[in-house]
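The values are calculated or read from the model by the stated rules, or taken from the named source; none is laboratory data. Keep in mind it's a predicted model, so treat the numbers as computed, not measured. Please note: Cβ atoms are built from the backbone with ideal geometry, for glycine as well, and neighbour counts cover all protein chains shown. Accessible surface is based on the protein model in full, side chains and every heavy atom, while ligands, DNA and RNA are left aside. Shrake-Rupley method; radii C 1.70, N 1.55, O 1.52, S 1.80 Å.
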Amino acid sequence: MYAIVTETFGKFMKLKTKNGEIVIRSKKSVPKEGISVELKSSGNADFFGKIIAGPSKKLPSLKFLVFAEKISKKKQHIVSIAFFLEELKERLKINNEIINIIKKYVEIGEVNEEMKTIGSYLNALSGKFGLRSYQNSLVFTNRETGEFEIYTEDNTIKGVVRGNSIEIILKKIPEDIELLKTSLEKHFTFVSIKKEGMENGIYA
């Protein structure tokens, strides 16, 4: 498969493929923007690299994806953190000090008053995106669309809130699913809970 280099930053490059945008960290010098490169999963190639984000229809600026990788090495976190940083930079200078503060916040979570204050401060400045870190989970929200993502140690929860309805898609169904449904019904008229990859909901 061939792809076009659309953006570069140090050893990182963003590529446009037929499946969407991806970001690769290369062990060799990256090609110039506009160059077409061949992507291979095995065999000889012009360069060797690791995909750190994508494929996705639209990825954040490469600079902020690189910053995000410094904050979390988990691929599922990187894109959301990068979008969060892009919004944050409109009101706060993103430098190594801020990156280290956010890294500590993401790793530790809101376990004390200091971390809660940091979380509230960052989210007050982050525009349409939200990021909350707790001891066992990381929560991303899009305040404009009502979409959210929750990453726990053993599950991924994605969903959207629209008025008095909520739709949730789980990577795996937990044992206390009935408790979750009952809790949500206290706040929403319509609750839909689905397992990832299933067309029909488990509950409606």
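Among the residues of segment 130-148, not a single one is in contact (Cβ under 8 Å) with a residue 40 or more places away in the chain and part of a loop (DSSP other than H, G, I, E, B). A single entry from 58, 73, 93, 116 fulfils the requirement of being open to solvent by 20 Å² or more (accessible area, probe 1.4 Å), within 24 Å of residue 157 (Cβ to Cβ), in a loop (DSSP other than H, G, I, E, B) and without any contact (Cβ under 8 Å) to a residue 24 or more places away in the chain: 73. Would a scan of segment 29-47 turn up a residue that is surrounded by fewer than 12 Cβ atoms within 10 Å (Cβ to Cβ) and within 26 Å of residue 150 (Cβ to Cβ)? Checked segment 29-47: no residue is surrounded by fewer than 12 Cβ atoms within 10 Å (Cβ to Cβ) and within 26 Å of residue 150 (Cβ to Cβ). The residues in segment 73-130 that are farther than 17 Å from residue 61 by Cβ, under 15 Å from the mean Cα position of the chain (by Cα) and of a type in the set (A, V, I, L, M) can be counted, and the count is 1.
Looking at this structure, is residue 24 assigned to a strand (DSSP E or B) and crowded, with 18+ Cβ neighbours inside 10 Å?
Working: assigned to a strand (DSSP E or B): yes; crowded, with 18+ Cβ neighbours inside 10 Å: yes.
Judged against the criteria, residue 24 is a match.
Restricting to segment 153-183, what's the tally of residues that are surrounded by 10 or more Cβ atoms within 10 Å (Cβ to Cβ), out of contact with any Ser or Thr (no Cβ under 7 Å at 6 or more places or on another chain), within 19 Å of residue 142 (Cβ to Cβ) and not β-branched (Val, Ile, Thr)? Within segment 153-183, residues that are surrounded by 10 or more Cβ atoms within 10 Å (Cβ to Cβ), out of contact with any Ser or Thr (no Cβ under 7 Å at 6 or more places or on another chain), within 19 Å of residue 142 (Cβ to Cβ) and not β-branched (Val, Ile, Thr) number 4.
When 79, 111 are screened for being surrounded by fewer than 18 Cβ atoms within 10 Å (Cβ to Cβ), within 16 Å of residue 138 (Cβ to Cβ) and of a type in the set (A, V, I, L, M, F, W, C), only 111 passes. Determine if segment 127-146 includes at least one residue that is surrounded by fewer than 15 Cβ atoms within 10 Å (Cβ to Cβ), in contact with a helix residue (DSSP H, G or I) (Cβ under 7 Å, 6 or more places away or on another chain) and under 30 Å from residue 67 (Cβ atoms). Yes, because at least one residue in segment 127-146 is surrounded by fewer than 15 Cβ atoms within 10 Å (Cβ to Cβ), in contact with a helix residue (DSSP H, G or I) (Cβ under 7 Å, 6 or more places away or on another chain) and under 30 Å from residue 67 (Cβ atoms).
For residue 14, are the conditions met, namely being surrounded by 16 or more Cβ atoms within 10 Å (Cβ to Cβ), touching an Asp or Glu at 6+ places or on another chain (Cβ under 7 Å) and either of a type in the set (Ser, Thr, Tyr) or not in a loop (DSSP other than H, G, I, E, B) (or both)? Write out each step before concluding.
Details: surrounded by 16 or more Cβ atoms within 10 Å (Cβ to Cβ): yes; touching an Asp or Glu at 6+ places or on another chain (Cβ under 7 Å): yes; either of a type in the set (Ser, Thr, Tyr) or not in a loop (DSSP other than H, G, I, E, B) (or both): yes.
Here the answer is yes, as residue 14 does meet what is asked.
Just the residues that are in a loop (DSSP other than H, G, I, E, B) and among the polar types (S, T, N, Q), please, taken from segment 119-129. Once the filter is applied, which keeps residues that are in a loop (DSSP other than H, G, I, E, B) and among the polar types (S, T, N, Q), segment 119-129 yields only 126. Among the residues making up segment 96-113, those that are under 22 Å from residue 148 (Cβ atoms) and assigned to a loop (DSSP other than H, G, I, E, B) are 109, 110, 111. The one condition from (1) in contact (Cβ under 8 Å) with a residue 60 or more places away in the chain; (2) farther than 22 Å from residue 149 by Cβ; (3) small (Gly, Ala, Ser) that residue 80 does not meet is (2). On inspection, residue 101 qualifies as within 22 Å of residue 70 (Cα to Cα) and of a type in the set (A, V, I, L, M).
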